[in-house]
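The values are calculated or read from the model by the stated rules, or taken from the named source; none is laboratory data. In this text, all values refer to a predicted model and were calculated from it rather than measured experimentally. Backbone-built Cβ (ideal geometry, glycine too); neighbour counts: all protein chains shown. Just so you know, the surface numbers come from the protein's heavy atoms only, side chains and all, with ligands and any DNA or RNA stripped out. Shrake-Rupley method; radii C 1.70, N 1.55, O 1.52, S 1.80 Å.
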2 protein chains.
Amino acid sequence: MLPTCVDTTLETRERYSHDWTEDLRFLPDAVAIPQSEKELQSVLSHAYSRDIPIVPAGGRTGLSGGMLPVKSGWVVSLEKLNRILHLDTDNLIAVVEAGVITQHLQEAAEAVGLFYPPDPSSRGSCTIGGNIAHNAGGVRAVKYGTTRNYVLGLSGFLPDGRPLRTGSYTLKNSTGYNLTQLLVGSEGTLAVISQAVLRLLPRPLYVHTLLLGFPDAVSAVAAVSAILRKGILPAAVEFMEREAVLFGEAYLGEVLYPGARDFGGLLLIEVDGNFPEALEAECAIIEETGWAHGATRSWYAQTAGERERLWRLRRCLGIAVKSSGPYKEEDTVVPRTVLPELLAYVKQLGEEYGFRSVCYGHVGDGNLHINILREGLSERSWREEVPAAVEKLFRFVIARGGALSGEHGIGWVQRRYMPLQFQPHELELMRALKRTFDPKGLLNPQKIFPDA
Amino acid sequence: MLPTCVDTTLETRERYSHDWTEDLRFLPDAVAIPQSEKELQSVLSHAYSRDIPIVPAGGRTGLSGGMLPVKSGWVVSLEKLNRILHLDTDNLIAVVEAGVITQHLQEAAEAVGLFYPPDPSSRGSCTIGGNIAHNAGGVRAVKYGTTRNYVLGLSGFLPDGRPLRTGSYTLKNSTGYNLTQLLVGSEGTLAVISQAVLRLLPRPLYVHTLLLGFPDAVSAVAAVSAILRKGILPAAVEFMEREAVLFGEAYLGEVLYPGARDFGGLLLIEVDGNFPEALEAECAIIEETGWAHGATRSWYAQTAGERERLWRLRRCLGIAVKSSGPYKEEDTVVPRTVLPELLAYVKQLGEEYGFRSVCYGHVGDGNLHINILREGLSERSWREEVPAAVEKLFRFVIARGGALSGEHGIGWVQRRYMPLQFQPHELELMRALKRTFDPKGLLNPQKIFPDA
């Protein structure tokens, strides 16, 4: 008999057949939506004993197809495990269930004067569990690091339903192999995470936001290293090229920041702290460095409203591009100094292969999101030539010390490129780790590895 | 034929028969000191094909016996792989060999205006490779995190000599399983690390240091949570009880901070940043909070000389206790709010089991180093009763969300306590990971696991 939380109606199966990755859809055989850890465990035991593949799902906002049920089986959604169990203002620690929406945790922390820094653009829909599975980054990683830096411990289940607890309720821990950090970024292929112990910070009292306009996109990203050499660690250093601004304005149906579209490239820079005078001084240094590197206009977001408008523009870019039609998003990450060369190379590849690209991203971390638009490309071009261009792009990135993914993960759509980054025996080592956790290969099958 | 870098003289074998852990000694069959990665690789291949156990060694300053060659075999010292290969001031990244002394990297970074925050007390002797193997912490972890937070990528070798590269030359990476973070803290049991790619930060221009004296030790640690609730993230929050100060002064043969010994407990607190006015304001808040929680005296370290004296006192405590005679050091870590109860419990156990303890540590992280002195204890008491007391201590720690080790690792001397922290199937999962990397069990055998 099926566990009661398993839904096999076509409507539900269709709803869980996709995430935010391109236009990909794979219909699961069923969708389990457990209401408790106990129910989750019984779903896993049931499925394991029947060799049913399990795909854990959070907010289904992933961009690498990590939750696509490509081998059918069951999607197990953690969405109802959505309680913030504990907000410890003395130890600056939160305990949350995996299905908590990231923004809910941010707001709950803020309400008690605390701060949960990881801040993916999809924060209103994505979940802590999904963020952990992909080691999500977001706009504050340049100063505050990625999700990984905030995970102190995890509770979850091995594929057969046995419970697994990792880490501790402490800021430090050197006790045995760090399974916590192995699970972060493992994309739901090793265990199903049900709870997390997260580190919080004191909330900075002030945030100052600056927008710098550059005549061309390459100058904008070239200024990033110069700014970060000034001894300041900004809380965000975001880049948008003109095309991105145009897509954002078209999607929102309004011009959020008048004049922004007149520039080839924009840098959105934020500093935070408890002393406004210090932030003003930092902004002055950043602005001056920007001017010295070719910026021709700068704006301060003086009010909370202006700041919010600026971020609304930046945050909508992913969905703006997505809603414009078929595209592929590459989540390249390189050393910051390589950004100008990377951006130029992308445009050169576009000319060579006949595609248009829209670029933006977390350039303080060297993380450039490259959106390749399908537009008028033929089926053959889209299915064969563009992937060849992407392979060239990744070869370029890896040769310069970069990686296939900065924060979206490998999932389903990038796995074919893994042999560019790793030697065969290194991939085999990762596969062996997978088998150790999941000997039957039932947990999120065919993800990460090129031919798994 | 033996590789040329292998030394079998008794003198050398004796020199590598111990680290800083208690008075433990195990004679290796030989000591290999490779001069290059190539030589390291050939040592490993040679040993692997002959089933010779290998124990990687750094500065041999470990406190959990992680480098003790308990099954003989070869100690492989990384000390001659000691080059800083690259200090990248544009991307704020360093590439170093494993044998680089931590303080050398700190100084090299500082010379170019950069900052490598991990700062173990043994920084003048310990190595980056050893720090990575144990996920070393130190005095700045409360703000800056442990070694783990600075490791972006690793190069090294599997036990059979095959090369392994993990991570990338970037600040973010979500590409495959994070083998980098699995290797950090694995205590030389999975692979031999030869190089690391490390993240650096801009160097804060100013550091302010404050010492608060409390009538008793428990009040001092009770004030820690209150200070950290004030929205300030100090760069260090260190604790010394009176006994620790007395040991330090006796070891150094001078009174570094007159009056310090008149207090039951001291907190040494440091804030850093680029704006002195902000630091002054933070120190005032910290001081006021200290007074409100029972502090009866406070000192500012006004000059670099005063600051240096204060730190010299704090940093010598480990060696001061060690040089006083046989002792056991427990590296307990708990949520900060548990510190007063933990400290009281340690003293209660001391009364019950007849031992004296000296406590100090990184209390901002909840990391309390508990040194149990042998002094007049009988052999039976030392070998049987004290371990029973330590087991009680760890049960107390774990029941409150803590862990066996905050930063020293499990190594040889704490492995018997691992079943207190982990379920049998969790330990078996870790053992399976070990077998995946090291099927013959030749790399640092008998470490971490209770009966491995």
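Some points to look at:
- Distances between equivalent label points of B:ARG416 across the copies, with each point positioned 7 Å along Cα→Cβ, amount to 5.7 nm, shortest listed first.
- Both chains summed, the buried accessible area for B and A stands near 6500 Å², from protein heavy atoms and a 1.4 Å probe.
- Shape of the range B:322-399 from the C-alpha gyration tensor: prolate (a/c of 1.5 or more and a/b above b/c, with a ≥ b ≥ c the square roots of its eigenvalues).
- Pairwise centroid distance, computed over Cα atoms, of the range B:188-207 with the range A:314-374, Å: 30
- Evaluated at q = 0.08, 0.11, 0.12 Å⁻¹: base-10 log I(q)/I(0), Debye formula over Cα of chain A: -0.46, -0.88, -1.05
- Among the trypsin sites (Lys or Arg not before Pro) in the range A:390-452, those placed in a DSSP loop whose Cβ has at most 15 other Cβ atoms within 10 Å are A:LYS440.
- Residues with amide H under 5 Å from that of B:LEU164, placed H, sequence gap 5 or more: B:GLY156, B:PHE157, B:LEU158
- Estimated 222 nm signal from helices in the protein assembly as shown, with DSSP H stretches of n ≥ 4 weighted -39500 (n - 2.57), rounded to 500: -9500 deg cm²/dmol
- Solvent-accessible area per residue in the protein assembly as shown equals 34 Å², computed with a 1.4 angstrom probe and all protein chains kept.
- With a Cα cut-off of under 19 Å and a minimum spacing of 8 residues unless on different chains, the lysine pairs in chain B number 10.
- In the protein assembly as shown, the DSSP beta bridges split such that about 85 percent are antiparallel, to the nearest 5.
- Nearest-first distances (nm) between copies at B:ALA250, label 7 Å from Cα via Cβ: 7.8
- For the range B:84-202, the fraction of alpha-carbon pairs lying more than 17 Å apart is 51 percent, rounded to a whole number.
- Rounded to whole Å, the principal axis extents of the Cα atoms in the range B:19-78 read 33, 22, 14, largest first.
- Nonlocal amide H pairs with B:VAL55, under 5 Å, H built at 1.01 Å: B:TRP74, B:VAL75, B:VAL76, B:ASN444
- Between the C-alpha center of the range A:132-180 and that of the range A:396-452 there is a gap of 19 Å.
- Square roots of 5 times each gyration tensor eigenvalue, C-alpha, the protein assembly as shown, largest first, Å: 43, 33, 27
- Sequence-ordered 3J(HN,Hα) estimates for the range A:321-328 from the Karplus curve with 6.51, -1.76 and 1.60 and θ = phi - 60° stand at 5, 4, 6, 7, x, x, 7, 10 Hz, glycine and proline given as x.
- Label-to-label distances for B:TRP291 across copies, nearest first, come out at 4.4 nm, using points 7 Å from Cα in the beta-carbon direction.
- Charge dipole (the protein assembly as shown, unit charges on Cβ, about Cα centre) - positive-most of A:GLY167, A:LEU205, A:GLN423: A:GLN423
- Contact order relative to length of chain B, as percent, for alpha carbon pairs under 8 angstrom and 6 or more apart: 16
- Computed magnitude of the charge dipole of the range A:1-43 (debye, nearest 20; Cβ of K, R +1, Cβ of D, E -1): 140
- Taking other residues whose beta carbon is less than 14 angstrom from the beta carbon of A:PHE449, and scoring Lys, Arg as +1 and Asp, Glu as -1, yields +2.
- Between the range B:1-58 and the range B:72-119, the alpha-carbon center distance in angstrom: 22
- Surface share of carbon and sulfur [accessible, 1.4 angstrom probe, percent] for the protein assembly as shown: 50
- Anisotropy class of the range A:206-319 from Cα gyration tensor, a/c 1.5 cut: oblate
- For chain A, the antiparallel share of DSSP beta bridges with both residues in that region comes to about 85%.
- The solvent-accessible area of B:ASP29, taken with every protein chain present and a 1.4 Å probe, is close to 80 Å².
- Averaging the sequence gap over all C-alpha pairs within less than 8 Å and six or more residues apart, then dividing by the number of residues, gives the range B:84-202 a relative contact order of 32 percent.
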